[in-house]
Amino acid sequence: MSTLIEQQTEVALQATDLRVATALGKEILHSVSFTLQRGRMLALVGESGSGKTTAGLACLGYFRTGLEHVGGTVELSDGTNLLALTDAGRRGLRGGSISYVPQDPALSLNPAMRIGSQIMEVLRVHGYGASEQARRERLAEVLTDVGLPNDTAYQRRWPHELSGGQQQRVGIAMAFAFRPEVMVMDEPTTGLDVTTQALVLQTIHQLVTTHAVAGLYITHDLAVVSEVADEVAVMLAGRIVEQGPSDQVLHDPQHAYTRKLLNAVPDLAGRHHIGEVEAVTGAMPIISRERAASARLTARDVASTSLLSVADLRLSYGSNAVLNGIDFELGRGESLMLLGESGSGKTTAARCIAGLNDSYTGSVSLAGTTLQPGTRQRSAEERHRIQYVFQSPLSSLNPRRTIGESVEVPLYMSGTFSRKERRALVLEALDQVQLAASFIDRRPGQLSGGERQRAAIARALVNAPSVLVCDEVTSALDVSVQASIIDLLRTLQVETGMAMVFVTHNIALARHISQRLAVLHAGRIVDMGPTDDVLENPQHSYTRELLTHVPTL
Amino acid sequence: MTTIDTATETIAAPPGLLRRIIRQRQARIGLAFTGIIVLVAVVGPLLLPWLTGYTSTEFTGRPFQPDGVFGTDNLGRDILSRFLDGGLTLLVFAALATALGMLLGTAAGMLAAYQGGKLDSIIMRGNDVLLALPQLVFALLAITVLGPQGWVVVLVIGITHAPRIARVTRSAASAVITEDFIRASEMYAVPRWKILLKDVLPNITGPLMVELGLRMTYSIAAIASLSFLGLGMQPPTADWGLMINENRIALTLQPWGVILPVLAIAILTVGSNLITDAVARASATVEESK
Amino acid sequence: MPGLILRRLAISAVILLVVSMLVFVATLLLPGDPAQAILGQQATPERLEALREQMNLNDPFAQRYLHWLGGLFVGDFGVSAASGGSVAALLGDRIAASLVLMVAAATISIPVGILVGSYSALRRGKAGDHAATGISLVLAALPDFVIGIALVTLFSTTVFTVLPSVTMAPPGEQVWDYPSQLILPVLTLVLVVMPYIIRMMRTTMIEVLDSGYVEMARLKGVPERQVIWRHALPHAIAPVAQVVAIQLAWLAGGIVVVEFLFRYPGVGQALVDAVTNRDVQVVQALAMLIAAVYVVVNLFADIVGIVTNPKLRTGGIR
């Protein structure tokens, strides 16, 4: 380590006063400056639209179509200004001394080229080694470096034959193949499961430190930042608002925006609350007004107040079993988190409960009555009592209808209200989700993601349901918006006393939203109990693995 | 898992499709082109009595003579009269055929996309069969059997448009149908026809308008082609396609009999294609900003 | 992969079979008696009966269909009502003449279309692109006979009189013995077909050039030429093959107008004559022939799509 310390002070890339504008002249990157040092990682943190990817690509002298460089320099260790070079000059550096790891490897790997040839291409283009033999050896070596098999058969695979995590490793191998001085990584773990993410992060960390690469890690995830970065730069609307060593920025933030961002990050321990309502911890198990007295739920409590009961829920598509028998009870006013990674069957289970998926076997009963599988077979009353909120608010509202028209659909279909009554109820629901009355005549295109999700929640609320099923409702939202939605859901639950099934992949939200936690793995609930119990004393190895890999601030 | 919040925050309502279309220069040229020809075709027949003094089927002299403004045709009829009288049926037939094709194609495409399964494969395989015969060949087959009559032409052009429109509709509708707002409507047990009409249809108007323009252009071309082959409108009707057929033997001698209708058809189809292209661009930018 | 291709093959066969039923059923709708049509009004009942027997008109419908279908496979397309001769003999030379036209038009328009389309995509927004898209937009709008007549006016009658406007090969000689007569028909077909190939190639190339893997290739430092040849073009092949197939199939139908316009002795001209004479046997035979061309060409495009896509080739998906 002592040798590395000397290298750490060596500047590999310095961006000074970077300015980027759209072709129409609107500046979207305002005077951005940062320094990358050998063997150290700078995290560029920002929410969507903050310009972090644009800044990252500028380090490679690359600007996407419609964007142009209008000022500033990117200087390399030898003093050359990358942005003053010709196209050919920049090309010689890209993938060579400065490389890039893309956000979505599924889109960035050429689907019609074998992965081995894609990595070899970098080596050939930049003339690695003296011979083809040397390049072949390097290919095998770099695959080992990123923890992939390096045999010829593996090199001959097509991208679609690899898992998401493997594809991302190929992306990293490609970036690392020529032993770059600088690596720019654009959200390389977004979309990966926690366990895979942990492994990829470990690989990146190893490469950067042992080979003294200067790293730029672009991300929106502050928890990940604390795992990988030595320094942090926080971006807001095309500007760096705060920059410093990661310990300092994450634990003693100076800028208001950084504080707001950090406050919004859910944490597994539930140390702080991410909204107005207290986190659900052992000490504060807020459920509903009438149940606030009982500090902890026991199995008996749940059974006695059971509202929704799911028994032996199974579903398979052909030979592919998605759900392998799920059982749980949900008490009145209770909030249950259904936690699972992609492919665990969590969304399928949620959709079966809501009647959106009718090909299941087993039973879903509401207050003792077994429900028919499909919504069309269920009675209007039953449909009212279970409501479902979709993952993406971009997709769940018809763009051609006003918010009012979308929100009133459940009321219209129940057929018992006059137009005036419907409008009044819609306004009431909008008020509940803290949207102004003026939103009633707007269309989804005029709303932000958070506002849309509120509108979608309002649609679920107009009929005053007893069970609200929330399917990954915050996973498409920025972290600050996520906090406000979680806050809203908790407040609503306290106010209305409805029960909630909160489906998510994000275990860090557990203490913020639910008293009970069910861990779903391969179509089965492997761990279930009061949130604190499961988190502190996980029974199943899968839960333990998840807990060790979840990044924390 | 990409975050979407702030990115959408700045987007105001996109200006209406119509305004986006009109804003393009080529759309305005296209509108002017089609406007002129439609005007000629619609007003032309009314102008005959006092502009030329002849009806379109009246013999005014010997064939291919330079009498009148543009001379006489193969049977000695006034070319200007025939030209002014010869566009309306083409336009009406093309419009009817397009409307029929849009109706059949949109319905079939939306049903196939929404119902999926068996109905989808039946509709799409039926499409493949209809597509295996080029439009013109299909039309010729129908004309052989049923004779060269107006309704046959409209019907057969309309029916041959349908599978092509159905394909476009189906792929556009399939994208919409995977959206969660359709799931939401299903969850609230909204009747299926209402889902198709209120949730699906309004969200595929862009591609449908492009199809409408495209099919209108093709209808005009197909109907004019049939007349040109002598298998559409029958003599002595005045019709642009037929005029070209009748007068092309004297292209060097008395070219107006050919050039006038050729120009009219060319301006019309180029105009409608310019509009269609503008619509396609406009609806593409709407899609992007969504 | 062979399974996938066999499946496509089977689908093509089924489509052709259904088309043949459709085409055959059309005869049933025809008023009147084909035997009468061939022999004319003065024919005696005995002769009519004999001809009906010979044409199997007295057999049940299904049997007649099977007989007709069987005939198609051995090149027996029935008897022409207009000429009384065999349809196969009537069409023999004409098929060759039409093929000459189609092949010539295809060999010019496909490579040129692909080149111009790619050029246009690579120079997106520049003058060359605007010119190419503008011209192809106008050409795509024009009906084929309009293009044909414009060319005739330009090159053989009014402006320049350098090229023949009609095809006139003396009997016994082949059309391709007079290449100058082929120029205008081929040029017309090229101008009709090429705009679609240009536009599709341009759209596809732009889509591919905007893709994540092309951006990645550039960020890897791959030279632009190699980006285009190795990363962009291979992905444009399949969609363009589809369009080329549709255009080739269109050529099979489009030659009707062009041959009629230039009095070219091919199947298109024969088809128009047959329709005018309501010569059903000939129309049926030609419709089947054109449908077969369409189906085969599309099958090729599908196979190109399968072969160029590693996902389909290795059976990774579906």
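The values are calculated or read from the model by the stated rules, or taken from the named source; none is laboratory data. Just so it is clear, the model here is predicted, and its values are computed rather than measured. In this analysis, Cβ positions are derived from the backbone assuming ideal geometry, glycine residues included, and neighbour counts consider all displayed protein chains.
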Report summary line: Selection from the stretch A:44-77 of residues surrounded by fewer than 17 Cβ atoms within 10 Å (Cβ to Cβ) and either of a type in the set (D, E, K, R) or facing another protein chain (nearest Cβ under 10 Å) (or both) yields A:ARG64, A:THR65, A:GLU68
Query raised in the report: Tally time: how many residues in the stretch B:235-289 are of a type outside the set (A, V, I, L, M, F, W, C), more than 23 Å from C:VAL152 (Cβ to Cβ) and at pLDDT below 85?
Result: 8
Query raised in the report: Does A:ALA21 satisfy being in contact (Cβ under 8 Å) with a residue 24 or more places away in the chain, away from chain B (no Cβ under 14 Å) and buried (at least 23 other Cβ atoms within 10 Å of the Cβ)?
Result: no
Query raised in the report: Given the conditions (1) touching a residue at least 60 places away in the same chain (Cβ under 8 Å); (2) touching a helix residue (DSSP H, G or I) at 6+ places or on another chain (Cβ under 6 Å), and given that C:VAL307 satisfies all but one, which numbered condition is not satisfied?
Result: (2)
Report summary line: Given the conditions (1) touching a residue at least 24 places away in the same chain (Cβ under 8 Å); (2) surrounded by 19 or more Cβ atoms within 10 Å (Cβ to Cβ); (3) within 11 Å of chain C (Cβ to nearest Cβ), every one holds for B:GLY105 apart from (3)
Query raised in the report: Any chance the stretch B:20-27 includes a residue that's among the β-branched types (Val, Ile, Thr) and modelled with pLDDT of 80 or more?
Result: yes
Requested in this report: Name, by its number, the condition in (1) at pLDDT below 85; (2) surrounded by 24 or more Cβ atoms within 10 Å (Cβ to Cβ); (3) in a helix (DSSP H, G or I); (4) within 11 Å of another protein chain (Cβ to nearest Cβ) that does not hold for A:SER480.
Outcome: (2)
Query raised in the report: What number goes with the only condition from (1) within 28 Å of the chain's Cα centre (by Cα); (2) within 27 Å of C:HIS235 (Cα to Cα); (3) surrounded by fewer than 18 Cβ atoms within 10 Å (Cβ to Cβ) that A:ARG124 does not pass?
Result: (1)
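To keep it simple, each residue is scored yes or no on (1) touching a helix residue (DSSP H, G or I) at 6+ places or on another chain (Cβ under 9 Å); (2) within 30 Å of A:ASN320 (Cα to Cα); (3) of a type outside the set (Lys, Arg).
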{"position": "A:GLN432", "(1), (2), (3)": "yes, no, yes"}
{"position": "A:GLY449", "(1), (2), (3)": "yes, no, yes"}
{"position": "A:ALA464", "(1), (2), (3)": "yes, no, yes"}
{"position": "A:ILE486", "(1), (2), (3)": "yes, no, yes"}
{"position": "A:ALA508", "(1), (2), (3)": "yes, yes, yes"}
{"position": "A:ASP533", "(1), (2), (3)": "no, no, yes"}
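Out of the residues in the stretch B:59-102 that are β-branched (Val, Ile, Thr) and surrounded by 24 or more Cβ atoms within 10 Å (Cβ to Cβ), state the one that is farthest from B:LEU253 (Cα to Cα).
Step by step, filter the stretch B:59-102, then rank; the result is B:THR98.
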Query raised in the report: Filtering the stretch A:82-99 down to residues that are among the polar types (S, T, N, Q) and assigned to a loop (DSSP other than H, G, I, E, B), which residue is farthest from A:VAL213 (Cα to Cα)?
Result: A:THR86
Report summary line: Per the filter on the stretch B:120-140, residues hydrophobic (A, V, I, L, M, F, W, C), at the interface with chain C (Cβ under 7 Å from one of its Cβ atoms) and either in contact (Cβ under 8 Å) with a residue 60 or more places away in the chain or surrounded by 23 or more Cβ atoms within 10 Å (Cβ to Cβ) (or both) are B:ALA132, B:LEU133, B:LEU136, B:VAL137, B:LEU140
Query raised in the report: Is it the case that A:GLN103 is under 22 Å from A:VAL213 (Cβ atoms), facing another protein chain (nearest Cβ under 9 Å) and at pLDDT 90 or above?
Result: no
Query - Wholly enclosed helices (runs of 4 or more DSSP H) of the stretch B:149-243 bearing at least 1 residues closer than 26 Å to A:ALA380 by Cβ - result: B:150-177, B:180-187
Report summary line: Wholly inside the stretch C:63-166, helices (runs of 4 or more DSSP H) that include 1 or more residues that are over 30 Å from B:ASN245 (Cα atoms) and either within 14 Å of chain B (Cβ to nearest Cβ) or in contact (Cβ under 8 Å) with a residue 40 or more places away in the chain (or both) are C:87-122, C:127-141
Requested in this report: Within the stretch A:319-372, work out how many residues are buried (at least 20 other Cβ atoms within 10 Å of the Cβ) and in a loop (DSSP other than H, G, I, E, B).
Outcome: 11
Query - Single residue of the stretch A:369-401 satisfying the filter (free of Cβ contacts under 8 Å to residues at least 60 places away in the same chain and away from every other protein chain (no Cβ under 11 Å)) that is nearest to A:PHE417 (Cα to Cα) - result: A:GLU381
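Here's the yes/no breakdown for (1) touching a Ser or Thr at 6+ places or on another chain (Cβ under 7 Å); (2) surrounded by fewer than 12 Cβ atoms within 10 Å (Cβ to Cβ); (3) over 30 Å from C:VAL307 (Cα atoms); (4) modelled with pLDDT of 75 or more:
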residue: C:LEU4; (1), (2), (3), (4): no, no, no, yes
residue: C:ARG8; (1), (2), (3), (4): no, no, no, yes
residue: C:ALA26; (1), (2), (3), (4): no, no, yes, yes
residue: C:ASP33; (1), (2), (3), (4): no, no, yes, no
residue: C:ILE38; (1), (2), (3), (4): no, no, yes, no
residue: C:GLN41; (1), (2), (3), (4): no, yes, yes, no
residue: C:THR44; (1), (2), (3), (4): no, yes, yes, yes
residue: C:ARG47; (1), (2), (3), (4): no, no, yes, yes
Query raised in the report: Just to be sure, is A:THR189 in a loop (DSSP other than H, G, I, E, B), crowded, with 19+ Cβ neighbours inside 10 Å and within 17 Å of the chain's Cα centre (by Cα)?
Result: yes
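Out of the residues in the stretch A:82-100 meeting the condition of being of a type in the set (S, T, N, Q) and over 25 Å from the mean Cα position of the chain (by Cα), tell me which one is nearest to the other protein chains (Cβ to nearest Cβ).
The extreme case among them is A:SER97.
Among the residues of the stretch C:264-282, count how many are under 18 Å from B:SER227 (Cα atoms) and assigned to a helix (DSSP H, G or I).
Residues that pass the stated criteria total 9.
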Requested in this report: Taking the options B:ALA280, B:ALA224, name whichever one is surrounded by fewer than 24 Cβ atoms within 10 Å (Cβ to Cβ), of a type outside the set (S, T, N, Q) and either within 30 Å of B:GLY68 (Cβ to Cβ) or within 13 Å of chain C (Cβ to nearest Cβ) (or both).
Outcome: B:ALA280
Query raised in the report: Is it true that C:ALA291 is of a type in the set (A, V, I, L, M) and either touching an Asp or Glu at 6+ places or on another chain (Cβ under 6 Å) or buried (at least 23 other Cβ atoms within 10 Å of the Cβ) (or both)?
Result: yes
Requested in this report: Return only the number of the condition from (1) of a type outside the set (Val, Ile, Thr); (2) more than 30 Å from C:LYS311 (Cβ to Cβ); (3) modelled with pLDDT under 75 that C:PRO60 does not satisfy.
Outcome: (3)
Query raised in the report: Taking A:PRO180 and the conditions (1) crowded, with 22+ Cβ neighbours inside 10 Å; (2) within 14 Å of another protein chain (Cβ to nearest Cβ); (3) in contact (Cβ under 8 Å) with a residue 40 or more places away in the chain; (4) closer than 20 Å to A:LYS52 by Cα, which numbered condition does it fall short on, given that it satisfies the others?
Result: (4)
